[in-house]
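Undergrad: Have a look at this one.
The values are calculated or read from the model by the stated rules, or taken from the named source; none is laboratory data. Note that the structure is a prediction, hence the values are computed from the model and not measured. No Cβ is skipped: glycine too gets one built from the backbone with ideal geometry, and neighbour counts run over all protein chains shown. Surface accessibility is based on the protein's heavy atoms, side chains included, excluding ligands, DNA and RNA. Shrake-Rupley method; radii C 1.70, N 1.55, O 1.52, S 1.80 Å.
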Amino acid sequence: MRFVPLPLLLLAGCAVSPTHEPAMAIDHHSHAEPHRVRSTHLDLDLQLDFTDHIARGSVTHTVQRLDATAPLVLDTRDLTIADVTDQNGASLPFTLGDEDPIRGRALTIPLPPGLDRVTVRYRTAPTAEAMQWLAPEQTAGTSPFLFTQGQAILTRTWIPLQDSPGVRVTWTARIQAPTGLLPVMSAMRRTEDGRVSTFVMDRPVPSYLIALACGELVSHRISDRCAVWAEPATMPLASRELADMEQMVAACEQLFGPYRWGRYDVLVLPPSFPFGGMENPCLTFATPTILAGDKSLVSLIAHELAHSWSGNLVTNATWRDFWLNEGFTVYLEHRIMEHVYGVDRAAMETVLGMQELRAELQELGAADQVLHVDLDGRNPDDGMTSVPYQKGAALLRRLEQLFGRERLDGFLRAWFDEHAFQSLTTATFLQFLDERLLRHAPDLAKQVDLHTWIEAPGLPTDAPTPQSALFDAVDATLGAFANGTAAAALDTRGWVTQQWLRLLAGLVAPSRSQLAELDAAFHFTDSGNCEILAAWLLLTIAGDYRAADARLDAFLTTVGRRKFLKPLYQALLKRPDGKARALSLYERARPRYHAVSQRTLDAMLGWPAEPAAAR
Ligand code: BES
Ligand code: ZN
């Protein structure tokens, strides 16, 4: 799809050199043609069938007709379309195009003159990739559960719509669910009446932020605008862990301007959720693997909250601009963490992020090391590496280092305020950066080569190196262990989670006996902290320390978070007997994973594609 961005200006007196952005930004991942007919509002009406794993109902699009003769083109994937009608209920012809392996099928609806509302009646497939229908055994309780995951291009598997981040819609929803199962959505709840709940989102959002979950859910109030949602059994732990939500919202408001979404709630999902978190407006979706019991992993909440500014308010126009969402968000996340938990905590997390980036850069091809990554012909999910996150955040830290916090904060605030509820490209960012920051301080601007930062692979030489004094102690300990000090004799008193993660990341191929010694001293195999556990299990696979096998098995068959699964399966594959072991584990675990994690692991393990008939 195409849309018209602000004119691309290339400016004298600054370090911005031409980006090769065309005059029209193209979203290669959508069939929609919003520059001709644009959907502006949706009314969704769905019944959830937990027996057959199907959602049935309709969506009504209100459209803006920029080209009076053009059809409405929607994205779909694996949807069965029953019929299409106009605002008077008269049926309209439609065509469903051929299946594109990445984009799915275009639903094209020619529009008679004067028509601006179109209703599509449809049902989803049980295999709809956005939706995961969980059996009671996969939850913390005794009821089934459903959640959706739209980003990047999966919303089209449960709603026929213009599935591009450059198209924003307001929306309402009416959701019917079985008794005892409560639907929640990424919007404000309007009513709840027996089995029917209604929702409204009155601010325009991109399609990937429309989300639904339904299960045995309760809520716990944190403040007037913040609450935690979870299954009853998870709530005691979840509500204690997330008790600082209000402080986080207040911190981000103080730094970057008003929170514009009304409520900020967090839904803690069952462990198969494929991501750490997802910034669904009004209602962040989060993995239960952040519930460590000591708030040590709550930076994930700071991250998803920060998206309420970077991502949800100001959105990447296409998936190649994804770094505008994630790089800004990681930078804001660290600022929130610093504000609420102090500089030491934020510094450690920043260092760990850069460490992860440097490690991943070793593995990635040059094209994938670029912030403004070319994803044409690829699944946008492939762009989800630490590059948009950590290299993007590093660019903002570089600007902070050059221009000072005060000026960068003013710039960021203006970026959010002046582009609220818009979807923007990298070119627009560069133009705004030049107008508001660079051209006012040409001597400083000369010191950052933005073209290299945005368009070149690798980490530019001027990337700041974050420091953490608390890691110096860890590095000394690592040195002592490498030089033969027994694990039990290492000084780890008072260490926090981030220090343990630094230790685990710094151990170089520990042997089986070293692993046994470390485990005896520090009980990593029994850790209740999933970040520590995942980092530890990775080492145990590589070092063939089989005493952790049972824990690995339990972890892989309950947790569906892709960030943990991918390296663990990868490590198994590197072992001599690993392929068979990985496949036998995967065979048992796969049915419990969300389609997003399945897709990644299927490709990695060479899992046979399901026949089309089964989809
Ligand atoms: N928006 C992302 C998750 C996402 C990105 C889903 C792309 C689908 C496609 C979310 O904000 C995120 O970045 N989650 C991270 C956690 C974060 C602390 C880095 C995750 O899930 O690991
Ligand atoms: Zn994010």
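Undergrad: How high is the relative contact order of segment 312-455, given as a whole-number percent (alpha carbon pairs under 8 Å, six or more residues apart)?
TA: 37
Undergrad: Volume per residue, Å³, of the convex hull around the alpha-carbon atoms of segment 323-390?
TA: 73
Undergrad: Binning every alpha carbon pair distance of segment 312-455 at 10 Å from zero, what are the percents per bin?
TA: 11, 41, 37, 11, 0
Undergrad: May I ask for the Rg/Rh ratio of segment 492-556, computed from Cα atoms with Rh as the Kirkwood radius, given to two decimals?
TA: That ratio equals 0.92.
Undergrad: Sticking with this structure for a sec: If you filter segment 406-501 for trypsin sites (Lys or Arg not before Pro), then keep DSSP loop positions with at most 16 other Cβ within 10 Å, what is left?
TA: Of the trypsin sites (Lys or Arg not before Pro), the ones in loops of segment 406-501 whose Cβ has at most 16 other Cβ atoms within 10 Å are 446, 493.
Undergrad: Restricting things to Cα coordinates, could you compute the convex hull volume per residue of segment 58-179 in Å³?
TA: In segment 58-179, the Cα hull volume divided by residue count equals 134 Å³.
Undergrad: Can you work out D for segment 217-308 in µm² s⁻¹ from Stokes-Einstein, where Rh is the Kirkwood radius over C-alpha pairs, the temperature is 37 °C and the viscosity is 0.692 mPa s?
TA: In µm²/s, the coefficient is 254.
Undergrad: How far apart, in nm, are two points set 7 Å out from the Cα along the Cα-to-Cβ line at residue 202 and at residue 356?
TA: 3.7
Undergrad: Give or take rounding to whole Å, what are the principal axis extents of the alpha carbon atoms in segment 469-614, in descending order?
TA: 59, 29, 20
Undergrad: Kindly report the accessible area of the chain per residue (heavy atoms of protein chains, probe 1.4 Å, no ligands, DNA or RNA), in Å².
TA: Counting only protein heavy atoms, the per-residue value for the chain is 37 Å².
Undergrad: If you plug each phi of segment 399-409 into the Karplus form 6.51 cos²θ - 1.76 cosθ + 1.60 with θ = phi - 60°, what whole-Hz ³J(HN,Hα) values come out, in order, with x for Gly and Pro?
TA: Ordered by residue, 3J(HN,Hα) equals 5, 4, 4, 6, 9, x, 4, 4, 6, 5, 4 Hz.
Undergrad: While we're on this one: How high is the relative contact order of the chain? Use alpha-carbon pairs under 8 Å, at least six apart in sequence, and give a whole percent.
TA: 13
Undergrad: A further question on this structure: Give me the percent of accessible area attributable to carbon and sulfur for the chain, probe 1.4 angstrom.
TA: Accessible surface attributable to carbon and sulfur in the chain totals 52 percent.
Undergrad: Using θ = phi - 60° and the Karplus curve 6.51 cos²θ - 1.76 cosθ + 1.60, what whole-Hz ³J(HN,Hα) does each residue of segment 560-568 get, with Gly and Pro shown as x?
TA: Once θ is set to phi - 60°, the couplings for segment 560-568 become x, 6, 4, 4, 7, 5, 4, x, 5 Hz.
Undergrad: Tell me which residues come under 5 Å, amide H to amide H, from residue 456 once H is placed; ignore anything under 5 positions away on its chain.
TA: Counting only residues 5 or more places away or on other chains, the set is 371.
Undergrad: Any idea how far the Cα center of segment 121-162 sits from the one of segment 527-603, in Å?
TA: 24
Undergrad: While we're here: Take every Cα-Cα distance within the chain, group them into 10 Å bins from 0 onward, and report for each bin the whole-number percent of pairs it holds.
TA: With 10 Å bins starting at 0, P(r) equals 3, 16, 26, 27, 18, 7, 1, 0, 0.
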